[in-house]
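Before any comments, here is the structure.
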Amino acid sequence: MISEDLLAQEFIRVVKHYYPKVGELLETSFVKVITCYWGRPPKRLQYIAIYCSDKKMPYMQAQKDVLREVADNMGLVQVVFLNATRLLRDPMSKIKQGDPRLWLDLQLVAI
């Protein structure tokens, strides 16, 4: 089974190879593969989470069809766009305590 980090790197590599303009957008964002289990019996589902800043969000949303097509071809369920700036500014967010490494990565993206 391929790890989530390797799958995220492969997603970025494929996007950069086939869609260079979209690949440039991914360089300014943080891409993570998230695994969840759903249903009875539990079925393993993986999807791509793309964390980007307020300024880059409209550009990412414009390319969602391309990103979802690549994710679908890789066997991933969906692509989700998350606003890193809002997550960091949210006073109720537990990201800093729960996943400090993700919190630091989001600091770089939100600049």
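The values are calculated or read from the model by the stated rules, or taken from the named source; none is laboratory data. Since the structure is predicted, the reported quantities are computational estimates derived from the model, not experimental observations. Virtual Cβ from ideal backbone geometry, glycine too; neighbours counted across all protein chains shown. The protein model used for the area step is the full one, side chains on, heavy atoms only, and it has no ligands, DNA or RNA in it. Shrake-Rupley method; radii C 1.70, N 1.55, O 1.52, S 1.80 Å.
Points to keep in mind about this one:
- In summary, residue 37 fulfils each of the numbered conditions (1) within 11 Å of the chain's Cα centre (by Cα); (2) more than 17 Å from residue 109 (Cα to Cα); (3) aromatic (Phe, Trp, Tyr) with the single exception of condition (1).
- Qualifying residue in the stretch 22-36 (condition: of a type outside the set (Asp, Glu) and open to solvent by 70 Å² or more (accessible area, probe 1.4 Å)): no
- Annotation note: Cβ proximity below 6 Å between a residue of the stretch 89-111 that is on the phi < 0 side of the Ramachandran plot and a residue that is surrounded by fewer than 10 Cβ atoms within 10 Å (Cβ to Cβ) (sequence gap 6+ or interchain) occurs for no pair.
- For the stretch 88-111, the set of residues classified as assigned to a helix (DSSP H, G or I) and either over 28 Å from residue 65 (Cα atoms) or open to solvent by 50 Å² or more (accessible area, probe 1.4 Å) (or both) consists of 89, 95, 96, 97, 98, 100, 101, 103, 104, 107, 108, listed by residue number.
- Listed by first and then second residue, the pairs linking a residue in the stretch 50-76 that is open to solvent by 50 Å² or more (accessible area, probe 1.4 Å) to a residue that is of a type in the set (Ser, Thr, Tyr) and in a helix (DSSP H, G or I), with Cβ atoms under 6 Å apart and 6 or more places separating them unless they lie on different chains, are 54/85.
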